[in-house]
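Report on the following structure.
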2 protein chains.
Amino acid sequence: MGVAPEWRFDPLTGRRVLISPDRGDRPIHPTGDCPFCEGHEAETPPEVLAFRTPGSIPNGPGWRVRVVPNRYAAVRLDVVGTDLWSVLPPHRPEVRPHGRSPGVGVAEVFLECPHHETAFRNLSQTHAADVIRSWRDRLRHWRDDGRLAFAQVFKNEGSAAGASVDHCHSQLIGLPFVPPAVADEVQAAGPGCVFCGWIAAELGGPLHVAESDAFAVLCPPAPRFPGETWVLPKVHEAAFEALGDPEADELASVVQGLLARVHRAFDGPAFNLIIKSAPFRHAGPYHWRIEVLPRTTSTAGWEWGTGVLINTVFPEQASALLRAAG
Amino acid sequence: MGVAPEWRFDPLTGRRVLISPDRGDRPIHPTGDCPFCEGHEAETPPEVLAFRTPGSIPNGPGWRVRVVPNRYAAVRLDVVGTDLWSVLPPHRPEVRPHGRSPGVGVAEVFLECPHHETAFRNLSQTHAADVIRSWRDRLRHWRDDGRLAFAQVFKNEGSAAGASVDHCHSQLIGLPFVPPAVADEVQAAGPGCVFCGWIAAELGGPLHVAESDAFAVLCPPAPRFPGETWVLPKVHEAAFEALGDPEADELASVVQGLLARVHRAFDGPAFNLIIKSAPFRHAGPYHWRIEVLPRTTSTAGWEWGTGVLINTVFPEQASALLRAAG
């Protein structure tokens with residue numbers, strides 16, 4: 001909790017960047033000294049959610065999944081006074097683009113298992129379902145809290161995907177406004193749901209990877225990375241946090257199955273897993289999905305200069321590799 | 001020259017991605033077997049430009065800077081028939097967003113020195129100025145050719161910045177349309193030139209790093225990376241390719257000086273260098289610049305999910321470090 005994070009706005013390019021010095025202090029932990037393992041609860045802030053053995057004591061051993069505030073938070077709620085929250089967007093001061101504004105928001109970490117496992121695909125299915133329910137429950141919490149407009153749940157597995165700790169974990173970052181790129185995509189999804197028609201048309205087609213009763217696993221039409229794959233509910237639903245307990249069990253099986261395919265088909269890549277869900281209180285026709293982005297290619301001057309991504313594998317090639325890796 | 005590259009458009013997100021299987025075939029060259037060194041001219045396609053010792057023979061030794069088509073080109077001119085070029089944008093078939101379209105364009109590599117040097121800052125100033133003139137000359141070539149709408153010149157130094165060969169080199173990729181992110185930024189620059197006023201206001205201020213007679217070196221208001229710095233001409237000019245020979249000499253000194261500062265202040269980082277210049281035949285108020293992006297932070301699930309970048313160093317801290325590293 002050193003220097004407060006700030007949004008900086010660039011009027012020359014229209015770009016807004018979050019500057020967060022505390023994140024630069026994140027240590028790289030050797031495996032033998034893992035702050036996310038059971039018994040090291042004192043090394044993280046107090047838990048905000050935990051799935052525990054009955055009778056176990058908060059912030060002690062006995063948990064299956066544990067959620068804590070991020071010690072190296074990119075955004076914080078305490079950088080503004082409580083009076084801010086009485087003003088609704090777009091009139092909240094941090095929402096308008098201008099030179100500087102406080103880095104308001106929340107950042108949480110999901111410790112996905114008490115033992116030192118580094119691959120989500122290796123967790124038991126029951127355990128993976130608990131992780132998925134913890135994502136859902138924290139999204140519900142912040143939706144109901146009312147102060148935030150949007151939260152991103154994401155998981156970085158492997159250092160090439162940006163992970164600084166190898167123990168299975170994921171993160172939530174919530175903001176009082178909707179990031180412009182997210183707002184643009186949500187806008188593009190309507191009117192009507194373009195996803196519903198697309199899923200029905202692609203199941204069994206060239207982009208098909210797998211399916212279950214409730215979920216479709218498809219490569220997207222314009223993948224950004226070799227092997228990029230999406231998991232989508234077959235029935236229309238804008239918000240991930242609407243997920244029921246039985247669907248969480250099924251989703252765990254589907255996601256772990258996909259990650260095992262990606263591991264085999266693309267030589268065990270680092271990857272990002274992203275929950276794309278509608279902003280809180282969104283009323284339009286969005287359709288949530290989970291994106292898996294294998295990080296086998298890098299971004300260079302071309303991508304940073306033009307915003308155009310270059311992939312090396314066609315989606316129908318990737319889906320064939322992933323089908324064969326089942 | 002295997003599978004032809006294609007643009008793929010995603011109607012679900014509005015995203016367009018270039019799929020180029022040939023780029024996936026790029027080998028990683030060990031230093032002792034460098035295809036960019038003098039004497040290895042047969043390992044690259046025939047040169048399209050070279051600054052040579054008088055009397056030396058094209059595609060043989062005797063060059064200072066040599067430009068060749070990229071053997072692992074992300075885009076190519078031969079993927080469409082010549083009749084395409086008789087149709088102007090936006091009616092050219094590859095310009096409209098739709099499912100698939102050919103990956104039309106050019107990709108060239110600048111071999112920046114005949115000897116095996118890996119750092120642009122270590123080239124002689126005369127040599128660096130030749131490199132800058134070669135960038136300018138190839139931009140002029142493609143501007144005058146008339147088939148392309150935009151070209152990006154960029155340099156990746158260090159593997160963390162995406163370089164697959166360590167010998168000093170840079171690249172040009174040109175397209176028959178302007179990438180959406182570039183079009184958006186060019187649009188944001190007008191009416192009037194926001195850059196001219198910004199440069200005048202910031203010189204000597206908190207974002208000031210250095211200056212010469214013709215150029216300002218400033219940290220941007222919302223840097224994406226720790227130590228991101230821009231070099232801008234003080235006199236208004238939209239197109240980099242308008243650069244004169246004396247200005248190229250001065251620019252070489254300014255850019256090499258900046259790269260030496262970045263190397264000292266940020267622990268010798270890999271970096272991308274990007275020429276931000278107006279699209280060809282652009283008539284509006286753009287102001288060219290060179291961006292230097294040190295790549296000490298990585299992109300992870302948060303950035304790919306939201307488009308929001310998190311930096312760990314405020315621009316006024318970065319500029320102070322860079323000033324002190326002079």
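The values are calculated or read from the model by the stated rules, or taken from the named source; none is laboratory data. Not measured: the values here are computed from a predicted model. Glycine also receives a Cβ, built like all others from the backbone with ideal geometry; neighbour counts cover every protein chain displayed.
Some notes on this structure:
- When restricted to residues that are of a type in the set (Val, Ile, Thr) and more than 15 Å from A:GLU316 (Cβ to Cβ), segment A:199-250 contains 3.
- Within segment B:249-268, the presence of at least one residue that is touching a Gly at 6+ places or on another chain (Cβ under 7 Å) and aromatic (Phe, Trp, Tyr) is confirmed.
- Odd one out for B:PRO206 among (1) away from chain A (no Cβ under 11 Å); (2) assigned to a loop (DSSP other than H, G, I, E, B); (3) in contact with a strand residue (DSSP E or B) (Cβ under 7 Å, 6 or more places away or on another chain): (3)
Rundown of residues vs (1) surrounded by fewer than 16 Cβ atoms within 10 Å (Cβ to Cβ); (2) free of Cβ contacts under 8 Å to residues at least 40 places away in the same chain, yes/no style:
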position	(1), (2)
B:GLN125	yes, no
B:TRP142	no, no
B:PHE150	no, no
B:SER159	yes, no
B:ASP166	no, no
B:TRP198	no, yes
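- Flag if B:VAL95 is within 11 Å of chain A (Cβ to nearest Cβ) and either assigned to a loop (DSSP other than H, G, I, E, B) or modelled with pLDDT of 95 or more (or both): no
- Selection from segment A:256-291 of residues that are hydrophobic (A, V, I, L, M, F, W, C) and under 17 Å from A:LEU172 (Cβ atoms): A:LEU273, A:ILE274, A:ILE275, A:ALA278, A:PHE280, A:TRP288, A:ILE290
- Among the residues of segment B:187-198, those identified as among the hydrophobic types (A, V, I, L, M, F, W, C) and either in contact with a Pro (Cβ under 7 Å, 6 or more places away or on another chain) or more than 10 Å from every other protein chain (Cβ to nearest Cβ) (or both) are B:ALA189, B:CYS193, B:VAL194, B:CYS196.
- Segments classed as strands (runs of 3 or more DSSP E), wholly inside segment B:103-186, with at least 1 members that are at pLDDT 95 or above, more than 9 Å from every other protein chain (Cβ to nearest Cβ) and farther than 29 Å from B:VAL80 by Cα: B:150-157
- Only one entry of B:VAL254, B:VAL217, B:VAL231 meets the criterion of being of a type in the set (A, V, I, L, M), under 22 Å from A:GLY301 (Cβ atoms), out of contact with any helix residue (DSSP H, G or I) (no Cβ under 8 Å at 6 or more places or on another chain) and at pLDDT 95 or above, and that entry is B:VAL254.
- Members of segment A:43-53 that are over 13 Å from A:HIS167 (Cβ atoms) and either at pLDDT below 95 or among the acidic types (Asp, Glu) (or both): A:GLU47
- Contact map, segment A:4-17: first residue more than 7 Å from chain B (Cβ to nearest Cβ), second residue of a type in the set (Ser, Thr, Tyr) and surrounded by 19 or more Cβ atoms within 10 Å (Cβ to Cβ), Cβ cut-off under 6 Å, separation 6 or more or different chains; pairs are A:PRO5/A:SER20; A:TRP7/A:SER101.
- For segment A:19-64, the tally of residues that are within 14 Å of chain B (Cβ to nearest Cβ) and in contact with a Pro (Cβ under 6 Å, 6 or more places away or on another chain) stands at 1.
- Residue match in segment A:67-83 (condition: at pLDDT below 80, part of a loop (DSSP other than H, G, I, E, B) and either over 24 Å from the mean Cα position of the chain (by Cα) or on the phi < 0 side of the Ramachandran plot (or both)): yes
- Taking segment A:215-226 as the range and being within 10 Å of another protein chain (Cβ to nearest Cβ) and either in contact with a Ser or Thr (Cβ under 7 Å, 6 or more places away or on another chain) or over 15 Å from A:TRP288 (Cβ atoms) (or both) as the test, the residues that pass are A:PRO221, A:ALA222, A:PRO223, A:ARG224, A:PHE225, A:PRO226.
- Single condition A:VAL292 does not satisfy, out of (1) free of Cβ contacts under 8 Å to residues at least 24 places away in the same chain; (2) under 19 Å from A:VAL182 (Cβ atoms); (3) among the β-branched types (Val, Ile, Thr): (1)
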